[in-house]
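Shown next, in C-alpha cells, is the structure this report addresses.
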Amino acid sequence: MNIFTVILVVIGAIFMIVAAIYAISRKDLLVATIATSIISLVLSVFFFILQAPDVALTEATIGVALTTIIFVVTIRNTKRHEEEEE
Amino acid sequence: MKRIITILLLGVTGYFVADAVFSIPFGVDKLNIAKEYLLNSPEELKVANTVTAVVVNFRGFDTLGEVTVLFLAATGLGSILFRRRKYHTGLNPQREAPQASRIVQVGGKLLFPLILLLGAYVFIHGHLTPGGGFQGGVIIATGYLLLLVSFRKFAVKHSSLTWVEAVAGVTFAGIGLTGLVFGKDFLENFLPTGVLNSLLSGGIVGIIYVAVGFKVASELTGILDTMLSIKVEVDEENEEN
Amino acid sequence: MTEELMQQILKISFYGASLALILIGLYGVLTKKNLIKILLSMAIAESGLNLLFVAIGYIMNGTAPIFSTAVLDENNQLLETVTMVDPIPQALVLTAIVIGLGVTAVGLALVIRLYKHHNTINIDEIRNLKW
Amino acid sequence: MVADPILYVALPLLTAFLLPIIGKINKELIRIVPGLLFAFLVYNSIALFSKVSATHTPIIVEIAGWAPPIGINLVYSSFTGFIATIISVLALLVWAYSYKFKKLEFDNSLKYFVLLMLVTAGSIGVILTGDLFNQFVFLEIVALSSYPLVAFYRGRNGAEASFKYLLVGGFASLSILLGIVLIYSQLGTLNMADIAAHIDEMPRNIKIVSFTLLFLGFAIEAEMFPLNGWAPDTYSQAPGPIGAVFAGMTAKAGIYALIRMIYTIFDFSGAFEILLIMGVITLVVSEGIALRQENLKRMLAYSSLGQMGLLMIAFGINTKTAVIAGMLILFNHAVIKSLLFLSSSFLVYNSKDKLIKDAYGMGKKLPLTAILFGIGAFAIVGLPPFSGFWGKLYLLMASADANLLGLIALILAVSVIEIVYYFRVVNGVYFKKSKTEIEVHKPRWNASLAMIILAAAIIVVGIYPNIIYDYLVNAADTLLDKASYISHVLPNLASN
Amino acid sequence: MSNIIIILAIFGWAILTYIAFRLNKTLGNIFVGLIAVALPVYYFTYVPEDYSFQVMGLTLQFGFTSFSSLFAILVVILGALTLLYSIPYMNKKDRLGWFYLNFLFSIGGMLGILMSKDFVSLFIFWEIMTWSSYLIVIFSGKKVNKVGVKYMVYSAIGAYAMLMAIVLINKWSGTTNISHFFETFADYSNGAKILSSLLLLTAFAVKSALMPLHVWAPNAYTNSPMSYTSLFSGALSKMGIYGMALVAIMLYTNTGMKFFGEALAWLGAITAVLATFWAVFQTDIRKLLAYSSIGQLGYIAVGLGIGTELGVMAALFLALLHGLFKGILFMAAGAIEYRTGKTDFSELRGLIWKMPVTFFSALVAIIALAGMPPLSGLISKWLIYEALLSSEHYFLIILIFLSSTAAFLYCFHFLYGVFLGQREDDIEDVKEAPALMLVPMVLMSFGLLALGTFPGLIFKHISSSMSYLGFNDVTWEMSVLTNEWGNKIYLTHLNTMFMVVFAVFFVIITLVARKKTRRVGTKDIANAGEPILAEDNYHFSQDFYKPFWRVISPVMKYRIETFYNSFANGIGEFFQFFRRVYTGNGQTYALYVVIFLTILFIVGATLI
C-alpha cells in the first residue's frame, strides 16, 4: 500500500463524511439521494483498496445503482422536498 | 433541544463504540477460522475465489437466507404496494407519460444485451474472479432497469419472472437437499470439484452461484418493476379489514 | 512515510470514516422528520458499518482472497510472499449489503403507502396508533 | 420418513420458492401445500424431539460438510428443540386457522402463506442456529417477513405500524451487526460455542461494548421496555392470526437470542440482573398500560409485552427453577396468547377499530369463540387448573429461592391488574349489550379446531403438567450447562 | 386414591351435568338431584385414605384430617341441600348447565381445600372455588363489573397473598406440606414467622370477609342466586375460617405471636359490630343477611383470635351453626324472592300465613342467630362469652355484647318486615314455596333444634378437631353446659322450660289479642287530614331504625371502600398518564432505543 493510496483514502474519508453531512442536511431529497450514492461510490473504491473486490462490485451495483434508483422512484411518487421544520 | 439531546446521546454511545473500535488493531493478521477457509477453499473445493467459497459453501446457509431476504423483499414489496391488481391494469398514468428520448432508447437497446452478457459472465465466473451471483444478478437487473426507464411500454412478464425466480430458488435449496440424499450434509458438495481456476471447478459452488444469479436478477427486476409501475394517485381503497 | 504511520493514518481514516458515517446516519434517523430521509440515513449508517467490517478484515499489504494464477506457483501452491486478507468479513458484508437493500426496498414501499394514506411523509404527522 | 433439523429451514424456503409455480397448477394448492409443509414440520419436531429427549444429547447438524466452527451448524437440543416444537405446532395451528380466514384473492393468499412459512422458518432458524451471523440473517428474515405481514391489510394503519417496526428493527440489525463485527474482530470466529469458549480472551472494553450492542439488538426483538414501542402497533394492525405468530414465534425468537447470548455466549453475571430489572420494568409498565386500553388487540398486545417481561424475569433470575419457570411461561405465552389473539379476532372480526366494546354481546352470538377467549383469559391470569398457573407458581418459587420477596409481591400485584382488565373484557363479552350492530362472522370449522386444540393444550397441561415437566427440566439443564453446549458443538476443542 | 377420586368425580359430574342440561332440562335436573343425594351418602360411607402424587416436582397430598372433616360435613350437607333447593329455585332461569357446572365445581373446590394436605393443592382448589363462585356471582348478568370484578380482585388479593406465603413456606420449610409447615414453623426467623402468618391470615381473612377486606362480600352475596348464596355464605366463607384456624394454631403455639391473635380478635369484634350495624339499616333482605353473615364471621374470628381452648371451640361450633342458619335464611329469602319476585322490605309483609313453612324455618334460624334458647345459638354465644371472660378480654365482651344486641334489631326487622304485618294486594295470591325448596330448610331447622338441645352431637367432631389443632381433648357432655366455675346448665331442662313458657305466652296472646284487632288496608293510615307525599315516611319499613341511625351515622359514613376505590383509580390514572410514553411517533421509539443504549453503556461500564 503506497502513499498515494493513503492520501486517497484520507481524502475519500473526508469527502465521504462531508457528503454524508450534506445528504442529511439537504432539504432536496433527490440531491440527498445523489449524495448518498456518491458515498456508496467512494465506499466501493474503499472496498477495492481494502482488497475486497467482491464487496466493491456489490456496493457499486447495489449501493450506487439500485438503492439510488429505488429512492428516486419513491421520491418521484411522493414529494421531492422535505418540509420546512418548525 | 431534541437535536442537542440526540447529539449528546450519540456522543456518549459513540464514545464507547469508538473506544472499542479504535482498540482493534488495523491491518494485522487476526485470522482464525479464516485460515481454514483460505486453506480449504483451493485445496478441497478447488474454488479460486475464497469469498465465493465462503459465501456459497462454507457459509452457504447464510446465502440461502440472504436469497430468501431478497425473495421476501420482492414478495413484501408486492404485498405492500399491490392490491387488487386486476382493477389497475391499463389505468397506470405513468404509461401515458412522455417517452424517454430517442438516444436513450437506442442506447438502451444496444446496451441491454451487453449488460446481460456482462452479468452472466460475472456470475458464471463467480468462483474464479471477483463477483458472482449477487453482482451478476444486480447487473442484469440494471439492464432491465435500463429498458424499463427507456421504454414506457416495456413490461416485464411476471409469469416468466416467477418461473425464473422459482426455478432458481428451488435449484439452490434443492441442491442443498440433494446433499442429504447422497448421505452428506445440507449444501455439502457432492460433485467432482475439478481443477482449480478452471471454469468447471468447485463442484456445486458454480451451479449454486448461477442459480443465485438468476434468483437475484429476477427478484431485483421484480422489485424494480413493482416500484416503477406504481400509480402516483391511488385513492385509498378502504377495503374490508 | 513509514509503514506504521501509514497504518495509523489508514486506521484513523477507515475507522473514523465508518464511525462518522454510522453516527451521522443515526443522527439523521433520530432527527429528520422525512421518512425518506430517515431511510436514507439508515442506509448511510449501514454503509458505515459495512466499511468498518471490511476494514477490520484487512491485512496490510494483503491481496484479495482469490487464488488466481497470479498468486499461485506452478504446483497451485500459494506464493510465499502473498498474504491474503480475511475473506469472512467480505462474505458477510456481501450478505449485509443485500439485506440492507431488502430492508430499504420494503421501507420505501411502506413510505409510498403511507404517503397515499396520509398524504404526508412527515413522521410527526403519522401517529394514528398511539398509547 | 426422514427427520432432520435442517429441514426446518430448508423445506419452508424450498416451498416458499416453489409456491408461485404450484399456484399455477391449481389455485387451491397455495393454501394446501403450506399446510402439508407445517404438518411435516410438526412430524419433524416430534421425531427429533423424542429422539433428543431420549438420548439427552443434542443433535448437531453441520452444514456444507464443515465441522463447526468452520461451517455453520444447527443445534437441536432439548432446549432449542422444545421451542422449535412449540413454534412448528403453532405454525400448523395458525395455518389451519388462517385457511380461508378472510376472502383473499389468489395473489394475496399466495403472499400471505409465503410470508407465514418464511416467518416460521426464520423463527426456527434463529433458535436452531449455532452461528451468530446466521442468527442475524434469520432475524432479518423474521423481520422482513413481519413488515409485509403487519402492513397486509390496507384498511388499517398497518403501514404505519410496519414502518415503526422497520425503524426500530433497523436499529436492532445495526446494533447486532456492530456487535458481531466487534466480536469477530477479536476472536475471528462466529460460531457461538467457539465464541463462548474464548470469550475471556476478549479485551474487557470490547466485550462490554459488543455485549451491550447485541443485548440491545436482541432486546428489541424480544420486546423489552422501552424498546417495544412498535410492538403494540404491529400486534394490533396485523391480521388476526399474525398476532398469534408474533406472540408465539417472533417474540420467542427474540427472547431466545437474548438468553442464548446471556447464558451461553457471554460470561457477565451482571447481565442477568439487567435482564431481571428490565423484565420487571417491562412487566409493570405493560400491564399497567393495558389496564385502560380501549382497543382489544392493543390490550392483548400490551398484555403480551407483560408476559415477555415475565419471561425476562424468569430467565434473569438464573436458577434451575427459574429456567423451568421460564420455559413454562414461554410455553404458556405461546399457547395462551395465541388462543387469545385467534379468538379475539373473531370477536371483533368486522369491527373497524377493534374496540373492546365492539366485542360486547358476542357471548351469545359466538358462544364457542367467547368461551375459548374466556379460557384464555382465565389461563393467562394464572388461575388453576389452567396451564398459566404452573408457570406463575414456578416463577414465584424461583423468586422465593432467590430471596426476591419484593419481586413476588410485584408479580402478584401485576396479576391483580391483569385480572381487572381481562375480566372486564370477559364480562363485557358475555353480559354487556352491544351498542352498535356489527355483523358477526362465525369461525369456520378449521379455525374453531385450531382454537380448540390450543384450549385443550391449556387445560391438559394445566391439569396434568407432568406431561411436559420432564421436557422442561431437560431444557433447563441444557440451557444452564454451558460447558456441555460447547463440548457438543466443538468436540475437538478440549483435545486441542 | 379414594379421596381425590371423589373430587374428580364431582368435577366430572359437573361436566356431565352441563352436557345433560344442554340436552334436556329434566335430564339435567335429574343429574343434579343424583349428585345431591350421592354426595352425603358417599361422604358418610367411604373410608378415608391418604393419597399423594408428584406434579411438577411438587408433592400433592390429599386426605381428610379430623379437623377438615368437620368442615367437610358442613360442605357436604349444605352442598347437597342447596343443590336440591336449586332445582326448583333455578328452574325458570336460562343457562342452567353453566350454573350447575360452576356450582358443582365450587363444591368440589371446597372439598378439595379440605382434603389438601399441602398448600399447593389447597391453593389450586381455592382458586377453582374462587373462580367458580365468581362465575356464579356474575351469573345474573347484572353489575358484572362492579360486583363481579370487585369480588374477583379481592379474592385474587387474598389468593395471591396465600400464593406468596406458599412459595415462601416452600423455601423455608422445604416442602409445601401443611403439617410439616407447622412442625418447622418454630424454627423460622421472626421475620419469616410474621410474614408467613400475616400473608396467610390476609388470604383467609378475605374469604371470610373480615374487615377491612370485606368490601366485596355484601354485593357478591346479593348478586348471586340465593340458592348459591346459602352455600356461599354458609360454607364457602367457612373456608376462610378453616384456613384461619389452621394458621391460628401457629399463633397459639408461639408465645411471641400472641399479637396476631389479639389483632385477629379485635378485627373480628370490629367486624361483628360494624357489619351488624350495617345490617340493621338494610332495606333489602339479601343485603341484610349478607351483612349479618359478615358480622357472624366476625364472631368466629373473635373466637379464633383469643385462641383459648374455649374460644376455638366456640368459633368452630359457631362456624358450623352459622352454615346452617344462614343457609336457611338465604334459602328463605330465596323462597320469598321465588314466589313474590321481591326482596325489598318495603314491598313485603305478612307472608306468615302464605308461607308458613318458610316462616317456621326462618324463625328457627333467626332464633338461633340471635342466640336465644332453646336453640343452638345460645350455646355458641355462651361459649364465646365464657371464652372472653376466662381469657379476660373485657373490652371485647362489650363489643360482642353490643353487636349481639344490635343483631336483635335486624332479626326483628327481618321477621317483622317479611312475615308479619299486613299484606299488600299484589302479594295476596302468593303460594308456599315448592316442596323441594322447603325440605332443605326444614331439615336444617330440625338440625338446629337438635343441636340446641344436644350440642354433644357435634362436639364429638369438634373435640377431635381440637386435638388436631393442638389442644387437649375437650371434655363435653351431650346436653350440658359447664363453665369454669363449675356451674352447670342442663339444656334439656332449660329448653323445655322455655318451650313451655313460650307456648303459654303464645296461647295467651292469641286468646287475648285476637278479638281486638281490626283489619284495615295498608294505605288506611291516620294522617290528620294531611295528604301523604311520596317523601313522607308512611310505611313502617321505611327508615325502620331511623333514631338509631341518627345516633350512629357519624361513625358509619367513613367507609373503607372509598379509600380502596380511590387507590385503584389512582393506579389507573397513573398508568393512564404513563401511557403517553408510547407517543405513537416512530422516531421517539428510536430515540428510546438510543437512550436505552446510552444508559446500558454507562451501566455496563460502571457495573459489569
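Give the dimensionless ratio obtained when the Cα radius of gyration of the protein assembly as shown is divided by 2.2 N^0.38 Å. Kindly include the intermediate steps, with their values, before the conclusion.
Values: Rg = 38.5 Å, N = 1562, 2.2 N^0.38 = 36.0 Å.
That ratio works out to 1.07.
Say the cut-off is 26 Å between C-alpha atoms; which of D:100/E:25; D:102/D:297; D:164/D:432 go over it?
Numbers: D:100/E:25 38 Å; D:102/D:297 18 Å; D:164/D:432 35 Å.
Beyond 26 Å between Cα atoms: D:100/E:25; D:164/D:432.
Take the range A:26-78, compute every pairwise Cα distance, and split them into 5 Å bins from 0; I just need the percent in each bin.
Per 5 Å bin, starting at zero, the Cα-Cα P(r) for the range A:26-78 comes out as 5, 24, 26, 19, 12, 9, 4, 1 percent.
So what is the relative contact order for the range D:78-225, in percent, with contacts set as C-alpha pairs under 8 Å and at least six apart?
Values: 125 pairs, mean separation 29.5, N = 148.
Relative CO of the range D:78-225 lands at 20 percent.
Which whole-number percent gives the relative contact order of chain B, counting Cα pairs below 8 Å spaced six or more residues apart?
On the way: 289 pairs, mean separation 63.4, N = 241.
Computed over chain B, the figure is 26 percent.
Would you kindly compute the Cα radius of gyration of chain E and its largest Cα-Cα separation (Dmax), both in Å?
Over chain E's Cα set, Rg and Dmax evaluate to 26.1, 99 Å.
Taking the Cα-to-Cβ direction at residue D:445 and at residue A:5 and moving 7 Å from each Cα, how far apart do the two end points lie in nm?
7.2
Rank by packing, highest mean first: peptides A:55-67, D:432-444, with packing defined as the count of other Cβ atoms within 10 Å averaged across residues.
Going from most to least packed, we get A:55-67, D:432-444.
Assuming 1.002 mPa s and 20 °C, estimate D for the range E:560-606 with Stokes-Einstein, Rh taken as the Kirkwood radius over Cα pairs, in µm²/s.
Values: Rh = 13.3 Å.
Here the translational diffusion coefficient equals 162 µm²/s.
Okay, helix-only estimate at 222 nm for chain E: each DSSP H run of n ≥ 4 adds -39500 (n - 2.57), divide by all residues, round to 500 deg cm²/dmol; what do you get? Let's see the in-between values first.
On the way: 23 runs with 425 residues, N = 608.
It comes out at -24000 deg cm²/dmol, rounded to the nearest 500.
Taking only Cα atoms of the range C:60-126, what ratio of Rg to Rh do you get with Rh as the Kirkwood inverse-distance radius? If you can, show how the numbers build up before the last one.
Details: Rg = 22.8 Å, Rh = 15.9 Å.
Result: Rg/Rh = 1.43.
Taking 8 Å as the Cα distance limit and 6 or more residues as the minimum spacing, I'd like the relative contact order of chain E as a percentage. Can you show the working numbers first?
Numbers: 881 pairs, mean separation 74.8, N = 608.
Across chain E, relative contact order equals 12 percent.
Any of C:37/C:116; E:92/E:238; E:92/E:431; D:320/D:392 with alpha carbons more than 20 Å apart? Name them for me. Walk me through the numbers before you get to the answer.
On the way: C:37/C:116 17 Å; E:92/E:238 30 Å; E:92/E:431 17 Å; D:320/D:392 15 Å.
Those over the limit are E:92/E:238.
Within the range E:324-342, whose backbone N sits under 20 Å from a point 7 Å along Cα→Cβ of residue E:91?
E:331-342
Given the options B:53, B:18, B:120, which has the most mean-square fluctuation in a GNM of chain B, springs set between C-alpha atoms less than 10 angstrom apart?
Checking each option, the largest mean-square fluctuation is seen for B:18.
Convex hull volume of the Cα atoms in the range E:88-195, per residue, in Å³? Numbers along the way, then the final one.
Numbers: hull volume 11.0 nm³, N = 108.
Normalising the Cα hull of the range E:88-195 by residue number yields 102 Å³.
How long, wide and thick is the range D:1-64, going by the Cα atoms along their three principal axes, in whole angstroms, largest first?
44, 25, 14
Efficiency by 1/(1 + (r/R0)^6): what FRET value for residue D:292 and residue E:37, r their Cβ-Cβ distance, R0 = 51 Å, to the nearest 0.05?
Details: r = 49 Å, r/R0 = 0.96.
The formula returns an efficiency of 0.55 here.
Using the Cα centre of the protein assembly as shown as origin and beta-carbon charges of +1 (Lys, Arg) and -1 (Asp, Glu), tell me which of D:324, D:128, B:156 is placed farthest towards the positive end of the dipole.
Ranked along the dipole, the leading option is B:156.
What longest region of chain E stays clear of GluC sites (Glu not before Pro) that DSSP places outside H, G, I, E and B and that have at most 13 other Cβ atoms within 10 Å? Intermediate values should be presented prior to the final figure.
Numbers: sites that count: E:49, E:392, E:428, E:484, E:535.
Counting only loop sites that pass the neighbour cut-off, the longest clear stretch is E:50-391.
Could you give log10 I(q)/I(0) at q = 0.13, 0.16, 0.20, 0.21 Å⁻¹ for the range D:107-260, computed by the Debye formula over C-alpha point scatterers of equal weight, without solvent?
Log-scaled intensity ratios, in q order: -0.57, -0.81, -1.16, -1.25.
Could you give the alpha-carbon Rg of the range E:26-159 over 2.2 N^0.38 Å, rounded to two decimals? Spell out each step's value before the answer.
On the way: Rg = 16.1 Å, N = 134, 2.2 N^0.38 = 14.1 Å.
Output field value: 1.14.
Of all the Cα-Cα pairs you can form in the range C:27-84, what percent are over 18 Å apart?
Details: 950 of 1653 pairs.
Cα-Cα pairs in the range C:27-84 separated by more than 18 Å: 57 percent.
Where in chain D are the helices, taken as whole DSSP H runs, whose Cα atoms extend 24 angstrom or more along the long axis and whose Kyte-Doolittle mean reaches at least 1.0? Numbers along the way, then the final one.
Working: long enough: D:5-25 (30 Å, 1.92); D:29-55 (38 Å, 1.50); D:78-98 (29 Å, 1.80); D:106-128 (33 Å, 1.50); D:132-150 (27 Å, 1.45); D:158-187 (42 Å, 1.37); D:204-221 (26 Å, 1.22); D:270-290 (30 Å, 1.93); D:296-317 (32 Å, 1.10); D:405-431 (38 Å, 1.87); D:445-463 (26 Å, 2.31).
Going by DSSP H runs, the hits are D:5-25, D:29-55, D:78-98, D:106-128, D:132-150, D:158-187, D:204-221, D:270-290, D:296-317, D:405-431, D:445-463.
Once you charge only the Cβ atoms, +1 for Lys and Arg and -1 for Asp and Glu, what is the size of the charge dipole of chain E about its Cα centre, to the nearest 20 debye? Can you show the working numbers first?
On the way: 39 positive and 31 negative charges, 235 e Å.
My answer is approximately 1120 debye.
Return the ratio Rg/(2.2 N^0.38 Å) for chain D, where Rg is computed over Cα atoms only.
Details: Rg = 21.4 Å, N = 496, 2.2 N^0.38 = 23.3 Å.
Here the Cα radius of gyration is 0.92 times the empirical estimate.
Using alpha carbon coordinates only, what is the Rg to Rh ratio of the range B:114-241, with Rh defined as the Kirkwood radius?
Numbers: Rg = 18.1 Å, Rh = 16.3 Å.
Result: Rg/Rh = 1.12.
Pairs E:93/E:287; B:157/D:103; D:364/E:93; E:93/E:207; E:381/E:488: which are spaced more than 24 Å apart, C-alpha to C-alpha?
On the way: E:93/E:287 22 Å; B:157/D:103 27 Å; D:364/E:93 16 Å; E:93/E:207 28 Å; E:381/E:488 16 Å.
In this structure, B:157/D:103; E:93/E:207 exceed 24 Å between Cα atoms.
Using Cα-only point scatterers and the Debye equation, what is log10 of I(q)/I(0) for the range E:345-427 at each q in 0.22, 0.26 Å⁻¹, rounded to two decimals?
-0.98, -1.18
In debye, nearest 20, what is the charge dipole magnitude of the range C:3-125 about its Cα centre with +1 on Lys and Arg Cβ and -1 on Asp and Glu Cβ, if you could check?
Working: 6 positive and 9 negative charges, 196 e Å.
About 940 debye.
Rounding to the nearest 10 and keeping the result within 0 to 90°, find how far the Cα-based axis of helix A:3-25 lies from the longest principal axis of chain A.
Value to nearest ten degrees: 10.
For chain C, modelled as a Gaussian network with Cα springs under 10 Å, which listed residue fluctuates most, C:45, C:55, C:64?
Residue with maximal mean-square fluctuation among C:45, C:55, C:64: C:64.
Using only Cα atoms, find the angle between the long axis of helix B:60-81 and the longest principal axis of chain B, and express it within 0 to 90 degrees, rounded to the nearest 10.
With rounding to tens, the tilt is 10 degrees.
Once the Cα atoms of helix B:204-228 and of chain B are each reduced to a long axis, what angle between those two axes, in degrees from 0 to 90 to the nearest 10, is obtained?
20
Beyond 27 Å, what share of the Cα-Cα pairs of the range D:345-496 is found? Please give it as a whole percent.
On the way: 5036 of 11476 pairs.
Cα-Cα pairs in the range D:345-496 separated by more than 27 Å: 44 percent.
Using just the Cα positions, wrap the range D:409-496 in a convex hull and report its mean projected area in square nanometres, one decimal place. If you can, show how the numbers build up before the last one.
Values: hull surface 46.8 nm².
Across all orientations, the range D:409-496 yields a mean hull projection of 11.7 nm².
Reported to two decimal places, what Rg/Rh ratio describes the range C:3-125 when computed on Cα atoms with Rh from the Kirkwood expression? Display every interim value, and only then the final one.
Details: Rg = 20.1 Å, Rh = 17.1 Å.
Looking at the range C:3-125, the ratio lands at 1.18.
Using only the alpha-carbon atoms, what does the range E:1-224 span along each of its principal axes? Please give whole angstrom values in decreasing order.
58, 43, 30
Only the coordinates and a few stated rules stand behind these numbers; no lab work does. Predicted, not measured: the structure shown is a model, and the values here were computed from it. We place every Cβ from the backbone using ideal geometry, glycine too, and count neighbours over all the protein chains shown.
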